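The values are calculated or read from the model by the stated rules, or taken from the named source; none is laboratory data. Since the model is a prediction, treat every value here as computed from it, not as a measurement. Here Cβ is always computed from backbone atoms with ideal geometry, including for glycine, and neighbour counts include all displayed protein chains. The area values use the complete protein model at the heavy-atom level, side chains included, leaving out ligands, DNA and RNA. Shrake-Rupley method; radii C 1.70, N 1.55, O 1.52, S 1.80 Å.
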Amino acid sequence: MTKDHRTRSRAAALAAATVLLAAAGCGAADPGAGDAAGGSGGGTLVIGATGKLPNLDTVIGGAGFEGKRLLSFQIYEGLTRYELLKDTNKPPQVTGALAESWQVAPDRLTWTFALRKGVTFQDGTPFDADAVLFNLHRYLDPASPEHTDALGAAAKEYAGDIASYRKTDDTHVELVTTAPNGHFPEDLAHVLIASPTAVRKTGTKDFAQHPVGTGPFGFVSQTEGQQVELAANRTYWRGAPRLDRLIVKALPDPAARTAALRSGGVNWIEYPNPDDLDSLKAAGAQILTNSYDHLWYWILDTAKGPWADVRVRQAANYAIDRQAIAGNLLHGTADPAFQAAPRATAAYDPTGDRYSHDPAKAKQLLAEAGYPNGFSSSVTVPTGGSGNLLPVPIAEALQRDLAAVGIKVEIRTTDWTTLIGAEAKGQVALGSDAIAQSTTLFQSEALLPLFVGSNSPFWTGHYASPKVDSLIAGAAANPDTTARQAAYRTALRQVTEDAPWLFVVNDRNPRALAPTVHGLVQPQSWFLDLTTVRVGN
């Protein structure tokens, strides 16, 4: 590097720092904004999200877990919630939210929830047992005037095994499941409770334009799919958030997110481009990461062609250099994934890291399977979206690694919504032999059978293992957390052996914050508690 080049680089870094530091000051709310919100002077947090923003009607969402963490979980709560502030060195536990406590009967089907007293919705109306029943009717009873097919379909993931529900008094509800469900309290964190008064006032059709829940932030305004503004709920039962306002903007392009942070258009961005991390740090930005339940992987079609042979699938896993992807491409914002279970889960087996980078072993397995000269295949890759890191560059790195052992892969790109929409119908967008995507396997245990179960309605590469099905079903029925986790570990060990996926990396959930953003606790979770955050000098 020449002296002039070094001088220009230092000047550029200094200029960037000056812009970011100046912009960071603009992130604080003006006095009027704080007063309008009944605020405490905690400022305005403006977040640049990686994808489209969700439909704000409770469970409908539609923008992946990112939309849920930044908006749905800020407006609404369920009977339970994730405790995200106490211990950042292990996955969070489920604790009480709109229910203070619960117990399950000896039949392992009947659950009684003691509701929290004195809670009000953001419209000032009281939360009680009738509000719980109203929402369950709305989700589960087609005869309810507030029910829609979209609500029913969305609620099915978490509330679909509720056979009956009733209130025993104004502060207790009884929910009966169709089968024993040990993770039922966790499921209910996702069954969000809206204000019955507000739903009846707007009607279900328009409720997404005026959402009302009990969460820490109340709705102010939105530009649909692009920006949502919330204000602190000063009567929130856990105590008012420190912030005055929360604004979430859809910025799917990584360069646009970085530019917005530098210019002061936002003071927080989700998943900064790893190539920008050094310059952002030089400009004063805070880069926060933590391991959590996440896997970026390829789902392979195990029903036809070369991918039907387990030796071929194992060969492909030995062919890829995860360390290079995690270190060189993603600059440490992810860890290499050598097995099916993500590192920051109880199902992770420290002795189970199977798939090292071993091209010679990959070629040996391909030859044993009858493909000494390799073969051709295809993969559909999203261009971005919730939890997808740098999907196309990662896919291109995998393409090179696989080509080195004779597997030639055509990359076909589409948008995230199209990919997951087709997958939900049991299809593959663009008709490929594999799809690339990210997921959280244990952030919600209810979803695990949808990814590795034989009878999943989603496209999961036609993978079927009676052993895995039995282990997951037995675990799900067991209310004992330790026993459940042991069964999951055994199940995921079998998935690792069967290799229905290419296991690539575990994301570390990076985000970049302006220097004036304070108080964020980064948990081992996809979700966040924003009540401790403030913006100011």
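Only one of Ala316, Ala303, Ala334 is more than 24 Å from the chain's Cα centre (by Cα), closer than 26 Å to Leu450 by Cα, among the small types (Gly, Ala, Ser) and buried (at least 24 other Cβ atoms within 10 Å of the Cβ). Can you tell me which?
Details: Ala303 fails: buried (at least 24 other Cβ atoms within 10 Å of the Cβ); Ala334 fails: more than 24 Å from the chain's Cα centre (by Cα).
Result: Ala316 is the single residue among Ala316, Ala303, Ala334 that is more than 24 Å from the chain's Cα centre (by Cα), closer than 26 Å to Leu450 by Cα, among the small types (Gly, Ala, Ser) and buried (at least 24 other Cβ atoms within 10 Å of the Cβ).
Determine if the stretch 499-507 includes at least one residue that is in contact with a helix residue (DSSP H, G or I) (Cβ under 7 Å, 6 or more places away or on another chain) and open to solvent by 10 Å² or more (accessible area, probe 1.4 Å). Before the answer, list the steps.
We begin by selecting, within the stretch 499-507, every residue in contact with a helix residue (DSSP H, G or I) (Cβ under 7 Å, 6 or more places away or on another chain); these are 499-500, 502-505.
Filter again for open to solvent by 10 Å² or more (accessible area, probe 1.4 Å), leaving none.
Checked the stretch 499-507: no residue is in contact with a helix residue (DSSP H, G or I) (Cβ under 7 Å, 6 or more places away or on another chain) and open to solvent by 10 Å² or more (accessible area, probe 1.4 Å).
Restricting to the stretch 493-515, count the residues that are assigned to a loop (DSSP other than H, G, I, E, B) and under 16 Å from Leu528 (Cα atoms).
Narrowing the stretch 493-515 to residues assigned to a loop (DSSP other than H, G, I, E, B): 499-500, 508-510, 514-515.
Within this subset, residues satisfying the condition of being under 16 Å from Leu528 (Cα atoms) are 508-510.
Number satisfying all stated conditions: 3.
Being modelled with pLDDT under 95 and surrounded by fewer than 22 Cβ atoms within 10 Å (Cβ to Cβ) narrows it down to one of Ala397, Ala404, Ala483, so name that one.
Working: Ala397 fails: modelled with pLDDT under 95; Ala404 fails: modelled with pLDDT under 95.
Result: Ala483 is the single residue among Ala397, Ala404, Ala483 that is modelled with pLDDT under 95 and surrounded by fewer than 22 Cβ atoms within 10 Å (Cβ to Cβ).
Mind listing whichever residues of the stretch 508-523 are at positive phi and either of a type in the set (Ser, Thr, Tyr) or open to solvent by 10 Å² or more (accessible area, probe 1.4 Å) (or both)?
Answer for the stretch 508-523, where residues must be at positive phi and either of a type in the set (Ser, Thr, Tyr) or open to solvent by 10 Å² or more (accessible area, probe 1.4 Å) (or both): just Gly519.
Scan the stretch 453-469 and give yes if some residue there is at positive phi and part of a helix (DSSP H, G or I), otherwise no.
First, the residues of the stretch 453-469 that are at positive phi: 461-462.
From what's left, part of a helix (DSSP H, G or I): none.
No, that holds for no residue.
Condition check: without any contact (Cβ under 8 Å) to a residue 24 or more places away in the chain and either surrounded by 15 or more Cβ atoms within 10 Å (Cβ to Cβ) or closer than 19 Å to Asp206 by Cα (or both). Does Ser144 satisfy that?
Yes; evaluated as a whole, the condition is true for this residue.
Which condition number does Gly327 fail, the rest of (1) open to solvent by less than 50 Å² (accessible area, probe 1.4 Å); (2) touching a residue at least 12 places away in the same chain (Cβ under 8 Å) being met?
Here Gly327 meets the rest and fails (2).
Can you list the helices (runs of 4 or more DSSP H) found entirely within the stretch 1-113 that contain at least 1 residues being β-branched (Val, Ile, Thr) and either over 30 Å from Gly160 (Cβ atoms) or modelled with pLDDT under 85 (or both)? It would help to see each step written out before you state the result.
Values: elements: 3-26, 31-36, 64-67.
So the answer is 3-26.
Given the options Gly370, Gly384, name the one that is over 26 Å from the mean Cα position of the chain (by Cα), in a loop (DSSP other than H, G, I, E, B) and surrounded by fewer than 20 Cβ atoms within 10 Å (Cβ to Cβ).
Numbers: Gly384 fails: over 26 Å from the mean Cα position of the chain (by Cα).
Step by step, each of Gly370, Gly384 is checked, and only Gly370 is over 26 Å from the mean Cα position of the chain (by Cα), in a loop (DSSP other than H, G, I, E, B) and surrounded by fewer than 20 Cβ atoms within 10 Å (Cβ to Cβ).
Quick one: count up the residues across the stretch 419-452 that are assigned to a loop (DSSP other than H, G, I, E, B), of a type outside the set (Val, Ile, Thr) and touching a helix residue (DSSP H, G or I) at 6+ places or on another chain (Cβ under 8 Å). Give the derivation first.
First, pick out the residues of the stretch 419-452 that are assigned to a loop (DSSP other than H, G, I, E, B): 425-428, 432-433, 440-444.
Of the ones still in play, those that are also of a type outside the set (Val, Ile, Thr) are 425-427, 432-433, 441-444.
Subset that is touching a helix residue (DSSP H, G or I) at 6+ places or on another chain (Cβ under 8 Å): 433, 441-444.
Adding up the residues that qualify gives 5.
Hey, Ile287 hits all of (1) over 26 Å from Leu419 (Cβ atoms); (2) surrounded by 23 or more Cβ atoms within 10 Å (Cβ to Cβ) but one; which does it fall short on?
(2)
Please work out which residue is surrounded by the fewest Cβ atoms within 10 Å (Cβ to Cβ), limiting yourself to the stretch 55-89 and to residues that are more than 20 Å from Ala344 (Cβ to Cβ) and of a type in the set (Val, Ile, Thr).
Ile60
Among the residues of the stretch 121-130, is there at least one that is within 26 Å of the chain's Cα centre (by Cα), farther than 26 Å from Leu447 by Cβ and modelled with pLDDT of 95 or more? I'd like the intermediate steps shown before the answer.
So the first thing to find is which residues in the stretch 121-130 are within 26 Å of the chain's Cα centre (by Cα), and the list is 121-122.
Within this subset, residues satisfying the condition of being farther than 26 Å from Leu447 by Cβ are 121-122.
Subsequent filtering for residues that are modelled with pLDDT of 95 or more retains 121-122.
For the stretch 121-130, residues within 26 Å of the chain's Cα centre (by Cα), farther than 26 Å from Leu447 by Cβ and modelled with pLDDT of 95 or more: present.
How many of the residues in the stretch 288-336 are in a loop (DSSP other than H, G, I, E, B), among the charged types (D, E, K, R) and within 24 Å of Gly431 (Cβ to Cβ)?
Within the stretch 288-336, residues that are in a loop (DSSP other than H, G, I, E, B), among the charged types (D, E, K, R) and within 24 Å of Gly431 (Cβ to Cβ) number 3.
Mind telling me which of the residues Thr440, Thr418, Thr460 ends up being surrounded by fewer than 21 Cβ atoms within 10 Å (Cβ to Cβ) and of a type in the set (S, T, N, Q)?
Values: Thr440 fails: surrounded by fewer than 21 Cβ atoms within 10 Å (Cβ to Cβ); Thr460 fails: surrounded by fewer than 21 Cβ atoms within 10 Å (Cβ to Cβ).
Being surrounded by fewer than 21 Cβ atoms within 10 Å (Cβ to Cβ) and of a type in the set (S, T, N, Q) holds for just one of Thr440, Thr418, Thr460, which is Thr418.
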